[in-house]
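Below: one structure, written as structure tokens.
The values are calculated or read from the model by the stated rules, or taken from the named source; none is laboratory data. Just so we're clear, the structure is a prediction, and the values are computed from it rather than from any experiment. Using ideal geometry, Cβ is built from the backbone for each residue, glycine included, and neighbour counts are taken over all protein chains shown.
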Amino acid sequence: MDRSKRWVLYATLAMATTAARARRGMALGVALAAAACSTGGDTGGSVDAGDRGDALTESAASGTGGALAPGGTSEAGGGAGDPGSAASSGTGSAASSGAGGAGTTASGGAPGDGGAPGDGGAAGEGGGAGGAGGAGAPDTCSRAAACGSHKWACWPMPNPAGSGLPNPASYADLGGGVVRDNVTCLEWQQSPPSGAYTWDQAISYCDDLTLGGHSDWRLPTRIEMTSIVDFTQSPAIDRTAFPGARGGFHKTSSDWILTIRQAGAGAGRDYAWAFNMSDGIVSNAYSKATAASLRCVRGNGEGEAPSSPAVAPPDQYTVVSPGEVKDNYTGLIWQQGYSPTTMSWAEAASYCETLDLNDHPWRLPSIRELATLVDEAQVAPSIHRTMFPDTQYGARSNDWYWGSHEAARNAPAAWALNFDDGFTGFNAGASGKWNYFTAAWVKCVR
């Protein structure tokens, strides 16, 4: 398909999606308010997160907790901020070879030099070893550049090296202050500025940046930032690839959908997604006016503007067998449903390992893998509702989904993701707080 026809398809899909959402009332995914990081927080110092309000409809009065202003003072909102618990984004999954492509991949491997993806996205589960190109081979890069979205993972999600998960992170120092992610094909600013920036300032800084002979830098989106978060350490980033990386909150270009719509808790608000790189926490309720750190990115073609809703790439999901849904871009195959009951984290891995679904081996996904399912353009639940019907959601409840890792600095608490909005947390909150949950649901992956 040539480029002009592809963009017509994107526009048509976006219009259809918008119309469908307008026809149904959407419950409010209430914001996870986050604190501004303190001066000197680059060593992973403590941060606070604002209290979350209960889920409401978009037409109801906002119950969201107030995002914390610099210094930790609560703004007017649902309530004063309480001590924040760290949360992080999870990891990705196996890439696969394309339908009809000549090359195949090893389980978890990125496509080799011969494995051109076919129409509809990545295909088979694995097979032979990947070609010499390995992660970030040309087929992967060209597919990511052609998908038309920066707010969805159009590439295999890298996992922290040494985590034992597919697609271990791999970076190349290109010189000139530029680091290439060999899995996602994105190029990153190796050493970002030391100052703090508001959302508008951060976008302008990256737009004006010339580095490594390139001038097409931009502020990364939520899912792009997720791809470099290493939830196994603090600061939550590979410090070999990014020496001297700081913790504390970092801006993204992903505007929160209810801020874009100015609806529900987003009415009169200026919230956007941000990451606390001290531990990996992701908040969709970080004030744009609150200054924070940044790291610029480039690559993978064109995508949505910061204040445009996320647009799903074409042919994103395929039902490959009864009860199984494949993400044709990440290569992950998901259990379409989920566990019949909530359970403890200790029970979650066993549930997936013993799941009797079409005679395939299943495992508990990482938090980064779960993050690839989040649809930023929706709330309550923030997921593709046809492919994944009846998804549970809700702050101040047990309606979370377990990830596969304990919290690095707070074990035995473990990571989970809530599809209210897509925020992440671990179960270390006090009773009644947004991150207090004693059990969670399980959605398995392979």
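Under 7 Å between Cβ atoms, which residue pairs at least 6 apart in sequence (or on different chains) link something in segment 237-264 that is farther than 17 Å from Asp421 by Cβ and in contact (Cβ under 8 Å) with a residue 40 or more places away in the chain with a partner that is crowded, with 24+ Cβ neighbours inside 10 Å and charged (D, E, K, R)?
Matching pairs, first to second residue: Ile237/Asp230; Asp238/Asp230; His250/Arg295.
For Trp345, work out the one condition from (1) within 19 Å of Thr226 (Cβ to Cβ); (2) hydrophobic (A, V, I, L, M, F, W, C); (3) buried (at least 22 other Cβ atoms within 10 Å of the Cβ) it doesn't fulfil.
(1) is the only condition that Trp345 fails.
Need at least 3 residues that are among the hydrophobic types (A, V, I, L, M, F, W, C), at pLDDT below 95 and crowded, with 24+ Cβ neighbours inside 10 Å per element, so show me which strands (runs of 3 or more DSSP E) inside segment 257-331 make the cut, counting only ones lying wholly within it.
281-287
Here are some conditions: (1) part of a loop (DSSP other than H, G, I, E, B); (2) in contact with a Leu (Cβ under 6 Å, 6 or more places away or on another chain); (3) more than 20 Å from Val282 (Cα to Cα). Ile383 meets all but one. Which one does it not meet?
Tallying (1) part of a loop (DSSP other than H, G, I, E, B); (2) in contact with a Leu (Cβ under 6 Å, 6 or more places away or on another chain); (3) more than 20 Å from Val282 (Cα to Cα), Ile383 fails exactly one: (3).
So Tyr197 fits all but one of (1) surrounded by fewer than 24 Cβ atoms within 10 Å (Cβ to Cβ); (2) at pLDDT below 95; what number is the exception?
(2)
Which one of these is in contact (Cβ under 8 Å) with a residue 24 or more places away in the chain, of a type outside the set (A, V, I, L, M, F, W, C) and in contact with a strand residue (DSSP E or B) (Cβ under 8 Å, 6 or more places away or on another chain): Arg363, Arg396, Arg409?
Arg363
Tally up the residues in segment 274-293 that are out of contact with any Gly (no Cβ under 9 Å at 6 or more places or on another chain) and hydrophobic (A, V, I, L, M, F, W, C), please.
Count: 3.
Working only within segment 206-233, note down all residues that are in contact with a Cys (Cβ under 6 Å, 6 or more places away or on another chain) and in a loop (DSSP other than H, G, I, E, B).
Across segment 206-233, the qualifying residues are Leu209, Trp217, Leu219.
For Asn435, work out the one condition from (1) buried (at least 23 other Cβ atoms within 10 Å of the Cβ); (2) free of Cβ contacts under 8 Å to residues at least 60 places away in the same chain it doesn't fulfil.
Every listed condition holds for Asn435 apart from (2).
Within the bounds of segment 144-160, is there any residue that is in a helix (DSSP H, G or I), under 19 Å from Ser308 (Cβ atoms), at pLDDT 95 or above and among the charged types (D, E, K, R)?
no
Take segment 185-205 and flag every residue that is within 21 Å of the chain's Cα centre (by Cα), under 22 Å from Gly244 (Cα atoms) and not in a loop (DSSP other than H, G, I, E, B).
Glu187, Trp188, Gln189, Ala202
Which residue, of Pro340, Pro389, Pro361, Pro365, is assigned to a loop (DSSP other than H, G, I, E, B), surrounded by fewer than 22 Cβ atoms within 10 Å (Cβ to Cβ) and in contact with a helix residue (DSSP H, G or I) (Cβ under 9 Å, 6 or more places away or on another chain)?
Pro361
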